[in-house]
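The values are calculated or read from the model by the stated rules, or taken from the named source; none is laboratory data. These figures come from a predicted structure and were not determined experimentally. Cβ placement follows ideal geometry from the backbone for every residue including glycine, while neighbour counts extend to all protein chains displayed. Please note that ligands, DNA and RNA were not included when accessible areas were found on the heavy atoms of the full protein model with its side chains. Shrake-Rupley method; radii C 1.70, N 1.55, O 1.52, S 1.80 Å.
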Amino acid sequence: MQDNDTHGGLHTPLKQKHLTMIALGGTMGAGLFIGSGAIISAVGPAAIVTYALTGVLILLVMRMLGEMAVANPRTGSFTDYARDAMGNWAGFSTAWLYWYYQMVVVGFEAVVGAQLLQRWIHGVPAWLLSVMLLLALTLVNLVSVGNFGRFEYWFAGIKVAAVVAFVAVGVLFVLGLWPNATIDFSNLTAHGGLAPNGVLPMLSGVVVVIFSMVGAEVVTVAAAESKEPGLAIKRAVNAVIYRVLFFFVTSSLIIVTIIPWDSIPTGDSPFLHVLQVLNIPGVADILNVVILIAVLSCLNIGLYSTSRMLFTLGSNGECPKWMTSVNKRGVPVWGVLSCTTIGYGCIAVAYFFPDSVFLFLINASGAMILFVYLMICISQIILRKKNEREHGGKLEFKMWLFPFLSIAVTAVIIFILATMLWDSTSRISLLQGLAVWAVILIAFGIKTVRERSPSALTPGASTDPNESPLTETRNPEKV
């Protein structure tokens with residue numbers, strides 16, 4: 001039984017404003033400010049269509065996750081729903097897949113953050129700056145959950161303000177209301193047309209864009225540490241997804257309208273090139289600050305979400321039980337510190353093997369979030385009737401046009417994964433991701449065999465491999 005102030009030992013200080021900003025902060029990272037240049041260079045002005053299609057896909061997946069989370073909010077969120085729908089193997093693998101994905105993100109963001117800091121801090125090794133950033137955000141997460149929420153609120157707020165300002169000045173320029181500007185939309189068609197490389201890159205570009213737009217799912221994890229998780233998730237999902245669509249689509253439209261799509265060097269931020277055209281003083285430093293904040297935000301969220309994944313796994317006996325220990329402020333300290341240790345390991349790997357092992361980690365993580373989203377979709381399809389039954393036949397927050405739209409979204413994700421297999425540039429990411437998933441499933445199989453062996457059983461213990469050690473307390477039908 002959980003009281004009003006805790007969820008399995010975790011406190012509930014997060015407010016609605018924190019959750020909304022956490023969801024926004026999870027989606028608006030370096031993928032928007034830097035990665036958008038790669039998709040625009042590959043697709044052309046039609047990149048706005050690619051962003052719109054991807055945004056709609058993310059919206060639908062979040063709607064499916066929101067339905068389950070509002071009906072049954074939990075700290076484990078989508079990992080618990082996968083467990084309920086398909087058994088312990090699904091919950092186990094989904095949690096570890098997401099943990100792996102976010103841990104690589106933590107290491108990667110720490111490395112990128114150090115590179116950004118070197119613009120102003122000279123003579124300090126990049127690895128040391130990475131360690132300092134990771135240490136600082138670790139302290140933020142250890143102090144309290146509320147502290148994490150407050151930091152993320154301001155991190156995300158600055159990012160949102162930066163994008164809103166970019167859109168505002170960009171619109172003024174496009175409409176000829178900016179100094180020395182005239183109304184001109186010729187860049188949309190003057191360099192080979194809207195889709196200079198054809199329709200196929202516009203569609204296959206969804207594979208690239210989806211990795212820069214994911215992250216809103218963390219709100220369903222964080223919501224379990226709020227006073228009214230069901231209401232918080234409903235409001236956050238409704239508010240965030242449409243804003244994300246607006247930010248990504250509008251930003252890309254302004255970029256391809258103001259500068260030629262084929263003038264953006266690989267690896268450069270298209271935002272920087274637009275701001276240079278607008279002749280804003282100190283633009284490089286301003287954008288560097290914004291991107292650094294975006295990186296710190298993703299690092300902050302990564303540490304938070306991975307520690308909660310370990311908390312959930314520990315509660316189900318699928319990682320050391322001490323991962324569920326919380327301090328008096330409701331923080332799973334050992335979970336946070338364990339994730340931090342892995343983060344330091346990623347920094348070390350990036351230092352010693354930047355072009356081999358660290359590259360492998362990044363590539364393997366690329367397909368992970370698609371695997372997780374696929375599990376979310378399948379879980380929602382399976383659990384819909386069960387959740388309706390538990391709520392008297394009526395759900396407060398529902399996926400539209402069920403089951404047709406749910407099945408369609410699932411099919412699209414499978415299609416994207418298949419596209420990755422046929423695309424030589426993304427095939428390695430998919431294959432390495434599948435290899436990591438296979439290792440996770442093998443680990444689950446070994447764990448299950450050991451639990452079912454006679455020496456592992458105690459008198460009266462269950463031999464059902466699908467029964468979690470906490471089934472009696474975690475299954476809502478038995479509470």
How big is region 12-121 by Rg and Dmax over its Cα atoms, in Å? 17.5, 51
Whole number please: convex hull volume per residue of the Cα set in region 259-395, in Å³? 240
List the residues, sorted by chain then number, that are 5 or more residues from Cys319 or on another chain and whose placed amide H is less than 5 Å from its amide H. Gly314
Could you check the simple spin-label distance between Leu177 and Leu431, using points 7 Å along Cα→Cβ, in nm with one decimal? 5.3
May I ask you to list the lysines whose Cα is less than 17 Å away from that of Lys227, ignoring any residue fewer than eight positions away on the same chain? Lys15, Lys17
Give the residue from Thr54, Ser130, Phe78 lying farthest towards the positive end of the charge dipole for region 49-178; charges sit on Cβ (+1 for Lys and Arg, -1 for Asp and Glu) and the dipole is referred to the Cα centre. Ser130
Can you pull the three principal axis extents for the Cα set of the chain, in Å, largest first? 81, 55, 43
How many percent of the accessible area of the chain is carbon or sulfur, using a 1.4 Å probe? 67
For a quick check: with amide H placed at 1.01 Å from N, whose amide H comes under 5 Å from Asn197's, ignoring anything fewer than 5 positions away on the same chain? none
Net charge near Leu142: determine it from the other residues with C-beta under 13 Å of the C-beta of Leu142, scoring Lys and Arg +1 and Asp and Glu -1. +2
In region 35-144, what trypsin sites (Lys or Arg not before Pro) fall in a loop by DSSP, with at most 15 other Cβ atoms inside 10 Å? Arg119
Using the alpha carbon gyration tensor of region 304-353, what are the three equivalent-ellipsoid semi-axes (square root of 5 times each eigenvalue), largest first, in whole Å? 24, 12, 7
Would you mind checking the tilt of helix 47-71 against the longest principal axis of the Cα atoms of the chain, expressed as 0 to 90 degrees and rounded to 10? 20
Excluding residues fewer than 8 places away in the same chain, name every one of the lysines whose C-alpha is closer than 23 Å to that of Lys385. Lys234, Lys394, Lys398, Lys478
Grab the DSSP H runs of the chain that are 4 residues or longer, score each as -39,500 (n - 2.57), total them, divide by all residues and round the 222 nm result to the nearest 500 deg cm²/dmol. -23500 deg cm²/dmol
Before anything else, pin down the relative contact order of the chain: Cα pairs under 8 Å, at least 6 apart, normalised by residue count, whole percent. 32
Compute the relative contact order of region 94-251 as a whole-number percentage, counting only Cα pairs closer than 8 Å that sit 6 or more residues apart in sequence. 12
At 1.4 Å probe radius, can you tell me the per residue accessible area of the chain in Å²? 41
